[in-house]
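Below you'll find the structure, written out as C-alpha cells, and then a few comments.
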Amino acid sequence: MHMATAAIYSSTTTAAVCHDNGALFLPLRLRPSSLDKRSTRIRFPLAPPTMPASHVLCKAGTEASFGDLRSGIAEFYDESSGVWEDMWGDHMHHGFYDLPPPQNLVNHRDAQIRMIEETLSFAAISEEDFKKPRRVVDIGCGIGGSSRYLAKKYGAHVQGITLSPLQAQRAAALTASQGLSDKVVFQVADALDQPFPDGQFDLVWSMESGEHMPDKVKFMQELVRVAAPGGSIIIVTWCHRDLLPGETSLQPSEQELLDKICGAYYLPAWCSTADYVRMAQALSLQNIKTADWSENVAPFWSAVISSAISWRGMMGLLKSGWKTIKGAFAMLHMVKGYKQGLIKFAVITAQKPA
Ligand code: SAH
C-alpha cells in the first residue's frame with residue numbers, strides 16, 4: 001500500500017457529497033469509520049481553490065473504513081474474476097446493444113467489444129497515425145481486456161492498475177500469452193494515488209471502475225493529473241439519476257436499493273452524471289460530453305443472470321465463494337435499479353487543456 005494512501009484512508013477526513021442542484025453536502029470533519037449524518041450545506045463553486053473530497057460511504061458500507069473498502073474490493077475481484085473469465089472472457093464490463101434491443105440471438109462478447117468501440121468513437125479518439133493515443137492508462141483494468149484491446153488498436157503502450165493482485169497476475173499472464181508484454185504492463189495500485197508522474201498519458205481510460213471510488217473528486221483529480229496536455233479522459237461508470245430541481249437527495253427507497261448493491265459490490269456512495277460534469281468543469285476540462293447508455297446496456301444483465309443460473313455458472317459460483325454469490329444475487333437489484341430509472345450507465349468524456 002502507498003503510504004500516502006494509507007494516510008488518506010486512515011486519517012480524519014473531510015467528507016462531502018455532490019448534489020445535482022449545485023450544492024455539496026459537507027459533513028463536518030469525519031472519521032470514515034464513524035460517519036455521521038450531520039451535514040452543512042455549501043454551494044459547490046465551479047473552480048474551488050481546494051476541492052473537498054466526496055467520501056461518504058453508502059449506508060451499507062458506513063461501518064467500513066476506506067481501508068476496509070479497498071481490501072473488500074481486492075478480495076471481491078480476487079475471488080470472482082476467475083468465474084467471470086470462465087463465463088465471459090477477459091472483459092469485465094457491460095455490452096452495448098442497438099435500440100430497440102435486437103430480438104435475434106446476440107453475441108454478448110461482441111457487445112462488450114462494441115462497448116469499447118462506441119466509447120472511443122463517442123470520445124472522438126482519432127485513429128490517424130499522428131493523432132492516435134500512444135500512451136494509455138487503464139484505471140481499474142480488471143484482467144486487462146481493454147488494455148490489450150487498446151494496445152492492439154493503436155499500437156499504444158498501456159499501463160493498467162487494479163486493486164486485485166490476482167487480476168494483475170492474470171492480466172500479465174494473458175498479455176504474455178498474446179506476445180504483448182513489451183507494450184502492456186500491470187500493477188497493483190490505487191486510482192486515488194496513482195504511481196505515475198504528471199502529464200503522462202494521451203488517453204486516460206476508466207471502464208466501470210469509477211463506481212468503486214470512495215473519493216470521486218480525488219479520483220477525477222488523479223485522472224487529470226496523469227493525463228498529458230491535450231489528452232483525453234474517458235469515464236464509463238454507474239451513476240445514480242440526476243436529482244430533480246428542488247431535490248437534495250434521492251428518495252429513501254432509492255437509497256435503500258443502492259445500499260443493497262453497495263454491500264454486494266463493495267461500492268461507496270454513488271454520484272450522478274451531473275456531479276461528474278461539475279467536477280470536470282471545476283478542473284477546467286474541455287469538450288465535456290456525457291451520454292446515458294442505460295438502455296443500450298439493458299440486455300446485458302439478463303444475459304449475465306442466465307449465465308449465472310446455468311449449470312456451469314452455478315458450479316463456478318459455488319467454487320468461488322460467498323462474495324461472488326452475494327454479487328450474483330445483487331444483479332437482481334441492479335436490474336430493478338435500471339428499470340426504475342435510478343441507475344444510469346453513464347459515459348463522461350473530456351480533454352485536458354493543451
Ligand atoms: N475495466 C475492467 C474491469 C472493471 S471491474 C474491464 O472493463 O474489464 C472494476 C475494476 O476496478 C477492478 O479491476 C478493480 O480492482 C478496480 N478498482 C476498483 N477500485 C480501484 C481503485 N481504487 N484503484 C484501482 N483499481 C480499482
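For the stretch 244-306, the calculated P(r), taken from all Cα-Cα distances in 10 Å bins from zero up to the bin holding the longest distance, is 15, 33, 40, 11, 0 percent.
Computed about its Cα centre, the charge dipole of the stretch 91-352 is approximately 600 debye, with only Lys, Arg, Asp and Glu carrying charge at their Cβ. Straight-line reach from residue 131: taking Cα to Cα under 19 Å and skipping same-chain neighbours fewer than 8 places apart, the aspartates and glutamates in range are 117, 118, 202. Listed cross-link partners 152/218; 132/352; 153/218 are compared with a 22 Å cut-off, the Cα-Cα value being larger for 152/218; 153/218. Bridging of residue 339 to lysines at a Cα separation below 20 Å is possible for 260, once same-chain residues fewer than 8 apart are set aside. The mean of 1/r over all pairs of different alpha-carbon atoms in the stretch 91-352, once inverted, gives a Kirkwood hydrodynamic radius of 19.1 Å.
Throughout, read-outs are computed from the coordinates displayed, never taken from laboratory work. Being a predicted model, the structure only gives us computed values, none of them experimental. Virtual Cβ from ideal backbone geometry, glycine too; neighbours counted across all protein chains shown.
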